[in-house]
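Colleague: What follows is a structure written as structure tokens; I'll ask about it next.
Computed from the coordinates by the stated procedures, all read-outs in this text should not be read as laboratory data. In this text the structure is predicted, and so the values were computed from the model without any measurement. Backbone-built Cβ (ideal geometry, glycine too); neighbour counts: all protein chains shown.
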Amino acid sequence: GRVRKHVVDVEKYGEVLQIAWPIYQALVPLAVAAEPVPRSASATVPDLVTSMPGEKTDEQVKKAPSSITSLYEDPRNANLYVHVSQPAHMATPGRRRRLYPRNVPSISPWDSAVQGGDAVWEGLRVYPPSAAEDTADGGSARVFLLDKHLDRLFASAKAMGFRKGEMHTREEVMEAIMEILQVNKMEGGNVHIHMTLTRGEKCTSSINPKSNIYGTTLVLLPEFHNPTDIAPRDDNGIVLLTAAHRRPPPQCLDSKMHHANRIVDVLPRLQAHVAGAAEALMLDLEGYVAGTDAANLFLINAAGALVTPTADHCVPGIARQAVLDACREIGLTAEVRRVSLAEVYCAEEVFATGTLEGIRVVKNVDGREIGEGAEGGGPVTRRLKALYDTLPYREGWFIPLSF
């Protein structure tokens, strides 16, 4: 009846414990389960982890109760691997690059992102091969505007004072992106990657950057995601609600830093969802339009002019810039200036831009119907969307998958 307690020599076996702990955490639920979960035949993971307990097979995902599968937009997302790493030149045995099943703890509670939202991030979209490439030479899926996203990631890290000698290199990030896509068998595209670079793990709980002694932490969360399959979504567009919260000016928090502390976006989105809107329309402190809580905004006014707000109080989006470049290609001049809320209400067309979903039509703002409510948006929006959808297949606009 006595329970024996085993005390582990942490000083002697600390590094081994640090490596083994996530695997132990995954084994615990299996020890209680009636039968073991078989390994997925499709799972191939190089590096430390080859197969992890708790991983669901493709067949199990298909047979899972609707309450479980409904958690995921695509059922394949129940069985993904994520990437978490330190810079190679700073990695200790317990913190080397690893690939984890999504249900295995992989971020240290001492990490700067956990302690204070101290991180920068990017969203990447992987497009499928074009139909012509698919049938002709096999083709390749491609990461849209990857160079631009990496430029912004490292610029944001510099602006936030990440120490250069303690960061991942651009080459390490590129390699990690290709690896995680290969491991998850995402060569077909229609994938979104949420990429976060944190200031790194701390040696103590503190906001003091001197506590960051292990180098940056790179986190890659890939998901199968096809925006055209999201439901329910009205073909006529999305509804926006003007938020009570305001975008901070650069004197408070400069939006040119693509930081991960996003409560300024989360609270307006909560307000929008309570009111039944898709997203929140954000204003600056003077009442001018900044964008939505997650996207940039364009409008076509009664005079036929294309207008977008200045990026003083919002992130100057990469998709936004792609639209501005596309406008020049077709001889359409875009005005970049302050935009009042009344101008949005009275616009003939309104659309939002973002890396994940490209161009989305806005059909209603604060109960005001935009334009004629035509399916797919007005003529300018449709023209720009058709052009934008070709950009991922043009030379110079993408990086092909290299595996």
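Colleague: Taking the Cβ of each residue in L299, L221 as the centre, tally the other Cβ atoms inside 10 Å and list the residues starting with the fewest.
Modeller: Lowest count first: L221, L299.
Colleague: Here's something else I'd like to know. Put a dot 7 Å past each Cα toward the Cβ at R394 and E335; how far apart are the dots in nm?
Modeller: The answer from the label model is 2.5 nm.
Colleague: For segment 238-393, calculate the relative contact order in percent as a whole number, restricting contacts to Cα pairs under 8 Å that are 6 or more residues apart.
Modeller: That works out to 23 percent.
Colleague: Specify whether the C-alpha gyration tensor of segment 97-179 places it in the rounded, prolate or oblate class, a ≥ b ≥ c being the square roots of the eigenvalues: rounded for a/c under 1.5, otherwise prolate if a/b is larger than b/c and oblate if not.
Modeller: Because a/c hits 1.5 or more and a/b exceeds b/c, segment 97-179 counts as prolate.
Colleague: At R0 = 56 Å, how high is the FRET efficiency between V16 and E73 if r is their beta carbon distance? Nearest 0.05 is fine.
Modeller: So the FRET efficiency works out to roughly 0.90.
Colleague: Rounded to the nearest 0.05, what FRET efficiency do R328 and M178 have when you use their Cβ-Cβ distance and R0 = 41 Å?
Modeller: Efficiency, from the Cβ-Cβ distance: 0.80.
Colleague: So what's the gap between the Cα centers of segment 300-342 and segment 363-403, to the nearest angstrom?
Modeller: Answer, in whole Å: 13.
Colleague: Related question: Evaluate the distance, in nm, between pseudo-label points positioned 7 Å from the Cα of A342 and of N261 along their respective Cα→Cβ axes.
Modeller: Each label point is offset 7 Å from its Cα along the Cβ direction, giving 3.6 nm.
Colleague: Could you list which residues have their amide H under 5 Å from that of E279, counting only those 5 or more apart in sequence or on another chain, with H placed in the peptide plane?
Modeller: V239, L241
Colleague: With θ taken as phi - 60° and the coefficients 6.51, -1.76 and 1.60, list the Karplus ³J(HN,Hα) couplings across segment 163-176 in order, rounded to whole Hz; mark glycine and proline as x.
Modeller: Per-residue couplings from phi come out as 6, 4, x, 10, 10, 4, 7, 4, 5, 5, 5, 4, 4, 5 Hz.
Colleague: Suppose we look only past 22 Å in the calculated P(r) of segment 163-318. What percent of the Cα-Cα pairs does that tail hold?
Modeller: 60
Colleague: Mind checking segment 208-314 for GluC sites (Glu not before Pro) that DSSP puts in a loop (not H, G, I, E or B) and that have at most 13 other Cβ atoms within 10 Å?
Modeller: Sites meeting the loop and neighbour criteria: E286.
Colleague: Let me ask you something else. Calculate the spin-label point distance for A374 paired with A155, positioning each point 7 Å from the Cα along the beta-carbon direction, and give it in nanometres.
Modeller: My value for the distance between the label points is 3.5 nm.
Colleague: Here's a follow-up. Rg(Cα) of segment 238-393 divided by 2.2 N^0.38 Å?
Modeller: Segment 238-393 yields a ratio of 0.97.
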